[in-house]
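Before any comments, here is the structure.
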Amino acid sequence: MEVHSYDISGPQLIIPRHIGDERGYFAELFRADTFAQYCGDQIFVQENESLSARMGTVRGLHFQTAPYAQSKLVRCTAGALFDVAVDIRQGSPTFGKWAGETLTPSNGKQLWIPTGFAHGFCTLAPDTVLTYKVTSYYSQEHDKGLAWDDPAIGIAWPELADRETLSAKDRIQPKLAELPAYFDYRG
């Protein structure tokens, strides 16, 4: 398993090693001791799956606040997607900066998104399935968001990103400058 950091402290790219032959392959997708070395000790309490039927579907940017703040380990099990994490930790030297990665079943890449980051994605193929493990249960009351297209963040979304696919909730999310200080940077 390879683990790579970004210019933003927190998110990690995890690439499981595939051991293959003419029959196919074997991959260790998660290993607690290796994961803890790079992402700290985590306990996953829920695993979610999201299907997006249309190519260009945009979901996010989402996060949950305390006491239900979530860290996520995200992977694509069908189709393809561009996955994004945005630093929303007040006082962070990378506040408002983002890291993105293309996830597909064939590249096996996973994105670790820690608490204090908003998460979103754009599908690059029809019938894309995203699965993610989370460290806290879903809470509708603590479910928050951030505008996916805020120019202050400047995410380089794929050209096929279709604003018409946004949920009603995601169409009215605040911009970064309007976002309350939900998370503090702890350097």
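In the stretch 16-54, what residues are open to solvent by 90 Å² or more (accessible area, probe 1.4 Å), over 18 Å from the mean Cα position of the chain (by Cα) and in contact (Cβ under 8 Å) with a residue 40 or more places away in the chain?
Residue satisfying the conditions is ARG54 alone.
Could you please find all residues in the stretch 137-157 being under 16 Å from PRO174 (Cβ atoms) and of a type in the set (A, V, I, L, M, F, W, C)?
LEU146, ALA147, TRP148, ALA152, ILE153, ILE155
State yes or no: is TRP112 open to solvent by 20 Å² or more (accessible area, probe 1.4 Å) and either acidic (Asp, Glu) or within 22 Å of ILE88 (Cα to Cα) (or both)?
no
Any residue in the stretch 156-168 that's hydroxyl-bearing (Ser, Thr, Tyr): show its pairings with residues that are open to solvent by less than 40 Å² (accessible area, probe 1.4 Å) at Cβ separation under 6 Å, as long as the two are six or more apart or on different chains.
Here the result reads THR165/THR57; THR165/VAL58, each pair linking the stretch 156-168 to a residue that is open to solvent by less than 40 Å² (accessible area, probe 1.4 Å).
What is the residue count in the stretch 151-187 for residues that are open to solvent by less than 80 Å² (accessible area, probe 1.4 Å) and acidic (Asp, Glu)?
2
When you go through (1) open to solvent by less than 20 Å² (accessible area, probe 1.4 Å); (2) closer than 21 Å to ALA156 by Cβ one by one for GLN64, which number turns out not to apply?
(2)
Which ones in the stretch 88-104 are open to solvent by 50 Å² or more (accessible area, probe 1.4 Å) and not in a strand (DSSP E or B)?
Selection gives GLY91, PRO93, PHE95, LYS97.
So which of THR57, THR65, THR34, THR102 is over 30 Å from SER167 (Cα atoms) and not aromatic (Phe, Trp, Tyr)?
Within the list THR57, THR65, THR34, THR102, the selection yields THR34.
Looking at (1) open to solvent by 20 Å² or more (accessible area, probe 1.4 Å); (2) of a type outside the set (A, V, I, L, M); (3) touching a Pro at 6+ places or on another chain (Cβ under 9 Å), which is the only condition CYS76 fails?
(1)
Report yes if ASP87 is acidic (Asp, Glu), touching a Phe, Trp or Tyr at 6+ places or on another chain (Cβ under 6 Å) and within 30 Å of GLU141 (Cβ to Cβ), otherwise no.
yes
Under 7 Å between Cβ atoms, which residue pairs at least 6 apart in sequence (or on different chains) link something in the stretch 115-128 that is surrounded by fewer than 24 Cβ atoms within 10 Å (Cβ to Cβ) and hydroxyl-bearing (Ser, Thr, Tyr) with a partner that is modelled with pLDDT of 95 or more and part of a loop (DSSP other than H, G, I, E, B)?
Close Cβ pairs (under 7 Å, with a partner that is modelled with pLDDT of 95 or more and part of a loop (DSSP other than H, G, I, E, B)) amount to THR115/ALA69; THR115/GLN70; THR115/SER71.
Would you be able to tell me the number of residues in the stretch 136-150 that are under 19 Å from PHE121 (Cβ atoms), in contact (Cβ under 8 Å) with a residue 40 or more places away in the chain, open to solvent by less than 40 Å² (accessible area, probe 1.4 Å) and assigned to a loop (DSSP other than H, G, I, E, B)?
3
Being part of a strand (DSSP E or B) and on the phi > 0 side of the Ramachandran plot is the filter here; which residues of the stretch 1-27 pass it?
Within the stretch 1-27, just GLY24 meets the criteria.
Across the stretch 58-87, what is the number of residues that are part of a loop (DSSP other than H, G, I, E, B) and either over 15 Å from the mean Cα position of the chain (by Cα) or not hydroxyl-bearing (Ser, Thr, Tyr) (or both)?
Number of matching residues: 8.
The values are calculated or read from the model by the stated rules, or taken from the named source; none is laboratory data. Remember, predicted model here, so these are calculated numbers, not experimental data. When we count neighbours, we look across all protein chains shown, and the Cβ atoms used for this are built from the backbone with ideal geometry, even at glycine. Keep in mind that these areas ignore ligands, DNA and RNA; they rest on the heavy atoms of the full protein, side chains included. Shrake-Rupley method; radii C 1.70, N 1.55, O 1.52, S 1.80 Å.
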